[in-house]
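Novice: Dropping the structure in here first, questions after.
The values are calculated or read from the model by the stated rules, or taken from the named source; none is laboratory data. Being a predicted model, the structure only gives us computed values, none of them experimental. In this analysis, Cβ positions are derived from the backbone assuming ideal geometry, glycine residues included, and neighbour counts consider all displayed protein chains.
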Amino acid sequence: MSWNLLERFIESDHFNNDPSLSVAYLSRYADHVGIHYVLCTKLRQFAYEEIEFFLPQLCHLLISVDNESMALEEFIIDLCEESVNGALLTFWLFQTYLHDLSSNPLSPAFTTCRRIYNKVQRIVFGASDAPRRERIKENVLPVTLLSSLVLAAVATPWLPAHAGPLAVAQSRRPRPAEDVISDAGEAQKVGVQRSHTTGANYFRSETQFLTALEDISNRLVIVPKPARLSALRAELALIAQDLPAEVDIPVICPAVLEDGSAARSKHHRIVRINPAEATSLNSAERVPYLLMLEVLREDFDFDPDSDTNQDLLSKLMSEKGAQKRRLFDITEASREEIQAQTPVDTGPDSVFEPANGDLGSSQLGANTAISSRTAMSTPRTSDMDNSRSNSPSRRKLTINSKSSLADQSDVSALATHMRTAAQMLAQLETSGAKRPKPEVAAIKAKIIASMQTLEEQSFLAGGEGPGFDSLIGNASALAATAEEEEFEDGMDGAPDPGSSSGAGAARMENDQATGGVMRRGDRDDPSAATFGEEWNVKKERIRRSSPYGWMKNWDLVSVIVKTGADLRQEAFACQLIQVCSKVWEAAGTDVWIKNMRILVTGESSGLIETITNGVSLHSLKRSLTLASIAAGTNPRKRIASLKDHFLRAFGEEGTEAYDRGVDAFVRSLAAYSMVSYILQLKDRHNGNILIDNAGHVVHIDFGFMLSNSPGNMGFEAAPFKLTHEYVEVMGGTGGAAFDQFKQLCKEAFLALRKESERIVTLVELMGKESKMPCFAVGVASVVAQLRARFVPGLSREEVDGFVDELVQKSVGSYYTRLYDTFQYRTQGIY
Amino acid sequence: MGNKQSKLSQQELAELQKATHFDKKELQQWYKGFLKDCPSGMLTKEEFQKIYKQFFPFGDPSSFADYVFNVFDADKSGTIDFKEFICALSVTSRGKMEDKLDWAFQLYDIDGDGKISYDEMLAIVEAIYKMVGYLNAVEGDGGADSSPKVGSMVKLPEDEDTPEKRVKKIFRMMDKDENGSLDMAEFKEGSKRDETIVSALSLYDGLV
């Protein structure tokens, strides 16, 4: 494109209304400093939310593109200055990159990454204008230009303001290390006073809070399954003591921006965690868990003049210098590691000691703080070691034998007991081989029983809500004891998904979260099993038990805390789906798709939104089948179908409620079908497909897309999943609903095809230097195949026929049936 | 000083220290940077043009770059050496307002006769408008657009939207004796009276 044409395009309304174009062009014109600068100036016109959406791309560009332009870095730093929220998300993203790049610390990417990571922390904790006063380095060419702008000041005083920022930014570009003659004078000392702003307090509290949540998940790995729930609740009780605090759940429960201003965000404060409502989701080797967080909507902000914040600030100031306890600190050892707060200067490189100790890193020598007894007895599992990127050995499992602070003695003692018990169990596991098996089992059972009793007593005595035995969530922990029936449909012998540690079970976290695999209710009350505990019912119950429940802005948020898995690809999939959703919205396509939200906080940690009103197809069918057998209405033990569920949930065919349910199903199925085809979503077994209470399909788990598939077997060869039972719900291939489905597929596909470059550029951009498994075959081939799926060569009319073909190929695909059969046989997924 | 020694000699250092606002260490540091970016020890006109082209992708900065180059190239040797570079940097970043204006005067006084004529000022302003792409549409568009400002990254007030208007405004403001040219005194007085000019002249004070 000629410069003139490019300029016209950049100045067009089309370009100015769509931040994704600026993002895409940043990648395309990466080698051109001037254009990079113009594009970053464009980005500044967009609202914070729009920029936040593309933050993963912008950060990836900074890392993956090695160019001379400083414009994007300046842009990101400015964003972090304006918004603590932006700073947090950037901080977490760069944490993941630090981990990725740490094996090659001399690479330019690592240097960039470290520089920005440090800058972000300095912004939050240092003097607010620190980076703006950063000095110019010995970059002769941009400095020359800068000088000439001064000359031009008389003729055109606006010129320095127009071109100056770019020249200054480029002049600040760091010089290669060998160019620097000596240290002093290079790093200008600024921000001697550690700032105690409310923003810094939020950043610190938030990172500590999430680290604490994730540490629990890591710690539970060594705890045997039957004891995990008890241990989880004890640990959470400890964290819950520090609530309410200035913490929220970014991305999943995002702050409200007043007048769209990122600086004036109003956050939803987490006021309470009821440990008894938490559930550990026993899946494979990891221990994600479900958490119910009570929040007060729009309850805190960073306005320095508000009375609340004035009080907070003076409280923070009074604590300054004192040996302040870390918030949400659940290990004694790290508490001792806190250093007296020292002045921050811009010099030190804090990559390996985030925020100079503030973010909970242990200094290398800090191991001495851990008692020798712990050091000997702590099992080092690989899971424990990858909790955070920057200091692998940071958090150690510790036994706390020291006296606790008086005000938390009870909970703390409980947690200590739990940990001691967990330690003993872990030791038993490792040394158990030397002892006779029955003896080991007996000891184990005894310890676990004692943990459970301890927890029970504690939560009952403390009046912390209902006894956990009565709680729905507990069902999953007891699932292992639930009976399994055989039925004759030629597919018997399937393992129990609830207790198996197979991959299938690992992927049904949302079900366990919503009570979907709850088994005990199956016989007593089959209808209750359909959706587990209805979200609204659960919410009401928790509201009534909460001391904050009476407040108007009270709300309940449910999230899954996950560690040990890289959530970046999942988050990227959700982002792509959201782009599709936006395209359809703009085009007025009448389809429905769920925008799932995932917060990535590290290369192996994050939070996932739960689909509160959805249950997997697997669970629906399973509980319906079991219920009908138990009720004696299914003597031949036929597996229940999706239609059975629709009939049960929405009433007779032909009723308004039933039609509404089918309509919701059709509109969502069309959307997910097209997305599945375009993005090649794989591993679409019924545990990964949910049905919500309106009848919508919701897909979860995007570990396989674009190019990779489970085992890379090519099992799921159909364009998308369209089973006979889906068709049955739509009244057969001749039904009106099926026609509507095909029509919506066409409209949805055409809309996406028109905007295909949006999706392609995002994929292309993120695929560069990517560590995501979906790019393992190489970004070029992924992009080429993605483009081809939009069949660019076909005319508008031909596309209709093409979509018809896709549908035809998918209907009752042999491969789809094969995959479901395979899943049922190997994983027990219905 | 066109040789490629890796460090400045004591004598050169002393000389430059006198001529600039930099201390010895800063001079050595900048010298090192200069050699890194201009390995020949000289900044040529071509390199000069290239950097402008990069920073102003949508305009034609060639004539402005030429005018500036001539100011930097104090000895008119056709290249800029380290001394010429560091002196320019010193004045523009750390110099007093008076010194900056003294130096800037040379840009506008193209023929070096001690006065800035209307045409000289117009040549410079035109070069700048061209550089930022403000004149693109007027000259290169073939009349497809009715408005000449289409496509420009810069928005200017109506009374400055052509080089002629801007130059007339400058002369109204500065040419006190109304003789059609600005001498050094008029140039300095007029600039200092205009706050936007004063702040633009201080663009990167304190940054170097």
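Novice: Could we say that B:GLN54 is away from chain A (no Cβ under 12 Å) and out of contact with any Phe, Trp or Tyr (no Cβ under 8 Å at 6 or more places or on another chain) here?
Specialist: No.
Novice: Just checking, which of A:ARG175, A:ARG204, A:ARG135, A:ARG194 is at pLDDT 70 or above, basic (Lys, Arg) and touching a helix residue (DSSP H, G or I) at 6+ places or on another chain (Cβ under 7 Å)?
Specialist: Just one listed residue meets the conditions, A:ARG175.
To keep it simple, each residue is scored yes or no on (1) surrounded by fewer than 23 Cβ atoms within 10 Å (Cβ to Cβ); (2) within 10 Å of the chain's Cα centre (by Cα).
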| residue | (1), (2) |
| --- | --- |
| A:ILE560 | yes, yes |
| A:GLY588 | yes, no |
| A:ILE608 | no, yes |
| A:ILE611 | no, no |
| A:ARG638 | yes, no |
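Novice: Please work out if A:VAL143 is modelled with pLDDT of 85 or more, within 12 Å of another protein chain (Cβ to nearest Cβ) and in a loop (DSSP other than H, G, I, E, B).
Specialist: When the stated conditions are applied, A:VAL143 does not pass them.
Yes/no matrix, rows are residues, columns are (1) without any contact (Cβ under 8 Å) to a residue 24 or more places away in the chain; (2) among the small types (Gly, Ala, Ser); (3) under 25 Å from B:TYR52 (Cβ atoms):
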| residue | (1), (2), (3) |
| --- | --- |
| A:LEU6 | no, no, yes |
| A:PHE9 | yes, no, yes |
| A:SER12 | yes, yes, no |
| A:PRO19 | no, no, no |
| A:CYS40 | no, no, yes |
| A:CYS59 | no, no, no |
| A:VAL65 | no, no, yes |
| A:GLU68 | no, no, yes |
| A:LEU72 | no, no, yes |
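Novice: Follow-up. Counting only residues that are of a type in the set (Lys, Arg) and under 25 Å from A:LEU556 (Cα atoms), how many does segment A:293-322 have?
Specialist: 1
Novice: Looking at segment A:752-772, is at least one residue surrounded by 21 or more Cβ atoms within 10 Å (Cβ to Cβ) and more than 30 Å from the chain's Cα centre (by Cα)?
Specialist: Checking segment A:752-772: not a single residue is surrounded by 21 or more Cβ atoms within 10 Å (Cβ to Cβ) and more than 30 Å from the chain's Cα centre (by Cα).
Novice: Just to verify a result, which residue in segment B:85-106, among those that are without any contact (Cβ under 8 Å) to a residue 60 or more places away in the chain and under 23 Å from B:GLY206 (Cβ atoms), is surrounded by the most Cβ atoms within 10 Å (Cβ to Cβ)?
Specialist: Going through the qualifying residues, I end up with B:ALA88.
Novice: Which residues, counting only those in segment B:164-208, are in contact (Cβ under 8 Å) with a residue 40 or more places away in the chain and more than 9 Å from every other protein chain (Cβ to nearest Cβ)?
Specialist: Within segment B:164-208, B:GLU164, B:PHE171, B:GLY180, B:SER181, B:LEU182, B:ASP183, B:MET184, B:LYS188, B:LYS192, B:ASP205 qualify.
Novice: Taking the stated definitions as given, is A:SER103 within 14 Å of chain B (Cβ to nearest Cβ) and among the small types (Gly, Ala, Ser)?
Specialist: no
Novice: Please count how many residues of segment A:224-241 are part of a loop (DSSP other than H, G, I, E, B) and touching a Lys or Arg at 6+ places or on another chain (Cβ under 9 Å).
Specialist: Count: 1.
Novice: Moving on. Check A:ALA671, A:ALA664, A:ALA649, A:ALA640 and return the single one that is in a helix (DSSP H, G or I) and modelled with pLDDT under 95.
Specialist: A:ALA649
Novice: Given the conditions (1) part of a helix (DSSP H, G or I); (2) more than 9 Å from chain A (Cβ to nearest Cβ), report the number of the one that B:ASP113 does not fulfil.
Specialist: Every condition holds for B:ASP113 apart from (1).
Novice: Same structure again: Could you check, for segment B:51-63, whether at least one of its residues is at pLDDT 90 or above, over 20 Å from A:ARG175 (Cβ atoms) and touching a Leu at 6+ places or on another chain (Cβ under 6 Å)?
Specialist: no
Novice: Name the residue that is surrounded by the most Cβ atoms within 10 Å (Cβ to Cβ), counting only residues in segment B:29-42 that are in contact (Cβ under 8 Å) with a residue 40 or more places away in the chain and within 7 Å of chain A (Cβ to nearest Cβ).
Specialist: B:TRP30
Novice: Could I ask something else about it? Out of the residues in segment A:695-734 that are outside any loop (DSSP other than H, G, I, E, B) and under 29 Å from the mean Cα position of the chain (by Cα), state the one that is surrounded by the most Cβ atoms within 10 Å (Cβ to Cβ).
Specialist: Looking at the filtered set, the residue picked out is A:VAL697.
Novice: In segment A:561-604, what residues are in a helix (DSSP H, G or I) and acidic (Asp, Glu)?
Specialist: The answer is A:GLU570, A:GLU585.
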